[in-house]
1. Compute the acute angle (0 to 90°) between the alpha-carbon long axis of helix A:69-86 and the principal axis of greatest extent of the alpha-carbon atoms of chain A; round to the nearest 10°.
2. What does the helix-only formula give at 222 nm for chain A: each DSSP H stretch with n ≥ 4 adding -39500 (n - 2.57), the total divided by the residues, and the result rounded to the nearest 500 deg cm²/dmol?
3. In whole percent, and with a 1.4 Å probe on the protein chains, what portion of the accessible area of the protein assembly as shown is carbon and sulfur?
4. Kindly state, as a whole number, the per residue volume in cubic angstrom of the convex hull around the alpha carbon atoms of the range A:68-112.
5. Please work out the FRET efficiency for the pair A:ILE53 and B:ARG96, using the Cβ-Cβ distance as r and a Förster radius of 30 Å; give the result to the nearest 0.05.
6. Quick check on the range A:12-93: what are the equivalent-ellipsoid semi-axes from the Cα gyration tensor, as sqrt(5λ), descending, whole Å?
7. Using the alpha-carbon atoms, what tilt in degrees (0 to 90, nearest 10) does helix A:95-119 show relative to the longest principal axis of chain A?
8. At B:LYS34, label 7 Å along Cα→Cβ: distances to the other copies, nm, ascending?
Protein chains: 2
Amino acid sequence: MIWVYFAIFLAACFAAGSTGGLFPPGAWYKRLNKPSWTPPNWLFPVAWTTLYICMATAGARAAISPDNGLAMALWSLQIALNGLWTPVFFGLRNMRLGLIVLVGLWVSVAATMVALWMVDWLAGALFIPYLVWVSVAGALNLSVLRLNPDAAAAPSES
Amino acid sequence: MIWVYFAIFLAACFAAGSTGGLFPPGAWYKRLNKPSWTPPNWLFPVAWTTLYICMATAGARAAISPDNGLAMALWSLQIALNGLWTPVFFGLRNMRLGLIVLVGLWVSVAATMVALWMVDWLAGALFIPYLVWVSVAGALNLSVLRLNPDAAAAPSES
């Protein structure tokens with residue numbers, strides 16, 4: 001049964017992650033000033049695919065454990081926020097609101113990690129890379145916002 | 001503790017639902033041919049707010065129950081798909097892909113309803129209005145797609 005849970009949580013991850021393909025960075029993002037430490041574009045889908053497998057494994061391990069209510073509720077919250085960032089940042093090109101979504105995502109991921117850890121330490125540990133990546137994404141969003149003050153809330157024209 | 005779970009599930013609902021405010025229908029949707037039975041615009045936020053309260057109550061009741069793994073995994077999947085429809089339909093103005101997302105959402109909501117019912121009958125019953133509303137939304141999406149063949153995948157210009 002854990003494989004069924006894993007498949008469902010993975011489907012939830014890819015539903016949220018599909019926004020990455022639907023709202024691609026495009027010419028607007030390419031033109032923005034970016035910090036020197038910006039990860040290369042190819043790394044993003046590789047990192048997210050790896051993180052989705054970790055997140056789905058963590059969700060499935062918690063799903064088969066007792067007293068999992070808090071971890072399960074928070075897992076739902078973080079995936080809803082996860083799917084929101086890309087449409088806000090790349091769809092609306094609203095970097096300020098993107099940063100607010102990322103702060104909310106970071107808090108929800110950190111809370112999910114702690115709640116998972118209380119149920120099953122390995123499930124909690126599987127959320128560590130995710131929290132690190134969201135921290136990097138938040139620093140990148142903040143840096144791009146600062147380096148491009150005039151494009152902070154540009155209208156949606158390419 | 002059930003109130004904490006309720007608040008977290010409700011926050012997940014509003015994270016998904018915030019796409020409704022971020023990607024409003026606008027002039028493009030107003031110009032489309034719509035069936036005579038299209039619900040008035042004001043009904044959508046009223047219906048969704050009511051549904052979110054039902055969905056969060058259902059999630060919280062399942063979260064405090066034993067053997068909730070399948071219901072909790074499916075609750076996560078349906079909220080991830082729920083937040084995807086609006087950016088696809090109103091953001092990308094892709095009615096075909098919107099319909100595909102809605103079919104996936106309908107299946108996931110029906111599956112969540114059954115899984116919730118097996119854990120707690122009231123939690124399952126609280127998903128009935130949601131399934132009805134997603135059925136109406138699916139019929140509306142299909143109808144608008146058929147009535148506007150030329151606007152089926154219009155580019156994102158207002």
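The values are calculated or read from the model by the stated rules, or taken from the named source; none is laboratory data. It should be emphasised that the depicted structure is a prediction, and the values quoted were computed from it without experimental measurement. Quick reminder, even Gly has a Cβ in these numbers, built from the backbone with ideal geometry, and neighbours come from all protein chains shown. Side chains included, ligands, DNA and RNA excluded: accessible areas come from the protein's heavy atoms. Shrake-Rupley method; radii C 1.70, N 1.55, O 1.52, S 1.80 Å.
1. That works out to roughly 20 degrees.
2. Working: 8 runs with 115 residues, N = 158.
Estimated from H runs of four or more residues: -23500 deg cm²/dmol.
3. About 70 percent, which is the carbon plus sulfur part of the accessible surface.
4. Values: hull volume 1.9 nm³, N = 45.
Each residue corresponds to 42 Å³ of Cα convex hull volume.
5. Details: r = 30 Å, r/R0 = 0.99.
Plugging the Cβ-Cβ distance into 1/(1 + (r/R0)^6) gives 0.50.
6. Values: eigenvalues 177, 38, 21 Å².
Each semi-axis is √(5λ); the values are 30, 14, 10 Å.
7. 10
8. 4.0
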